[in-house]
Amino acid sequence: MDTQEMMTLRSVSGRIALVTGAASGMGRATAKLLAAMGAKVAVTDFNGLGAEEVAQDIVRRGGFAKAWELDVADQERVMTVVAEAAGEFGGLDIVVNNAGISNALAFDDPRYEVAWQRLIAVILTGTQQVTRAALPHLKRSSAARVVNIASTEALGATAGHSGYSAAKAGVAGLTRSLAVEFGRLGITVNCICPGPINTGMTAAIPDEAKAIFAKRRTAMNRYGEPEEVAQIIVSLCLPAASYITGAVIPVDGGLMARNA
Ligand code: NAI
């Protein structure tokens, strides 16, 4: 392959992408970067108004996007939205399973069971259902890419986050399993494990507490920004990223690498 051909593979221009949880944080940054690079983006979120704002912003900047309200835990709605997005845009090449919630609760907290059910439904079952709804379309793509957003909580654990940690470890397992199952179809499935990132999810943590944690735990001595994670997500969505699959990749400022 000559250099010119190699360069064309480093573009998502004209590719059709669906991003979940795209109204805020890493999902929003990913939707915006994909669109800025020429992809057509289905901006989906539980928060329909937020998704609409992101899609409008993309369109204002000359990009191509449309918003859908979507709770990834609602299977019927998942089927409808994926079918509508693929129908309207003419297929689907890229799925970014980013929607997520967190809930810190002790294992013996009386509210634990309800919280567990929702964490598993949104994070793990949601990722499974969106990917399954997208599969017929991905099979028709020339460079199908699935990127799942797990967490460093899939690789290590923080006390009080067992439901989240179990759901995210499930996402990493699902990623490997689907990578193996879809490999012969040319569909890649990879997983990003973000560390501490400045998004809506961490907005309630005081700046001072964030700074102390980041200095103590990360190599970079700081929280990451959603755009820094979006860059890696989008890299995995490139047609060029054709021989990486089943990978579980920390994007954590060195948190998992650091011992002391
Ligand atoms: P965020 O709170 O800024 O964005 C999450 C988005 O997901 C929101 O727009 C929210 O409305 C949407 N969402 C929530 N439940 C949903 C559902 N049932 N269906 C569809 N959309 C839903 O948070 P952030 O940090 O950008 O989260 C993105 C992903 O990154 C999540 O999966 C989260 O677990 C993960 N993550 C975040 C880390 C962080 O430090 N912020 C660290 C590791 C992982």
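For region 9-48 versus region 237-255, the inter-centroid distance based on Cα atoms is 17 Å. Taking packing as the residue-averaged number of other Cβ atoms within 10 angstrom, the listed peptides 218-231, 136-149 run from highest to lowest as 136-149, 218-231. Accessible surface for region 121-260, divided over its residues, is 45 Å² per residue with a 1.4 Å probe. Computed in the context of the full set of protein chains, the accessible area of region 77-213 at 1.4 Å probe radius has 58% of its extent on carbon or sulfur.
With contacts taken as Cα pairs under 8 Å at a separation of at least 6 residues, the chain carries a relative contact order of 19 percent. Annotation: amide H of THR44 within the under-5 Å range of VAL19, GLY21, ALA22, TRP68, sequence separation 5 or more or interchain, hydrogens built in the peptide plane.
What is the packing order of peptides 151-157, 47-53, taking the mean over residues of other C-beta atoms within 10 Å and listing the highest first?
Ranked by mean Cβ neighbours within 10 Å, highest first: 151-157, 47-53.
Placing unit charges on the Cβ atoms only, positive for Lys and Arg and negative for Asp and Glu, gives the chain a dipole magnitude near 560 debye about its Cα centre. Here the 3J(HN,Hα) profile of region 84-89, calculated from phi with Karplus coefficients 6.51, -1.76 and 1.60 at θ = phi - 60°, is 5, 4, 5, x, 6, 8 Hz, Gly and Pro shown as x. Annotation: for a label point projected 7 angstrom from Cα along Cα→Cβ of SER13, residues of region 33-58 with backbone N closer than 11 Å are 37-39. Pairs of Lys residues in the chain, spaced 8 or more positions apart or belonging to different chains, with C-alpha separations under 19 angstrom: 4 in total.
Compared with the dominant principal axis of the Cα atoms in the chain, helix 126-139 is inclined by about 20°. Of the whole protein surface, PHE64 contributes about 100 Å² of accessible area at a 1.4 Å probe radius.
With respect to the chain, whose longest principal axis is taken over its alpha-carbon atoms, helix 207-217 is tilted by about 90°. For region 117-124, the Karplus equation 6.51 cos²θ - 1.76 cosθ + 1.60, evaluated at θ = phi - 60°, returns couplings of 4, 6, 4, 5, 4, 6, 6, 8 Hz by residue, with Gly and Pro reported as x. Run the quick spin-label model on ASP2 and THR202: label points 7 Å from Cα toward the beta carbon, then report their separation in nm to one decimal. Result: 4.6 nm between the two label points.
The values are calculated or read from the model by the stated rules, or taken from the named source; none is laboratory data. None of the values given here were measured: they were computed from a predicted structure. Glycine gets a Cβ as well: all are built from the backbone with ideal geometry, and neighbour counts include every protein chain shown. Side chains included, ligands, DNA and RNA excluded: accessible areas come from the protein's heavy atoms. Shrake-Rupley method; radii C 1.70, N 1.55, O 1.52, S 1.80 Å.
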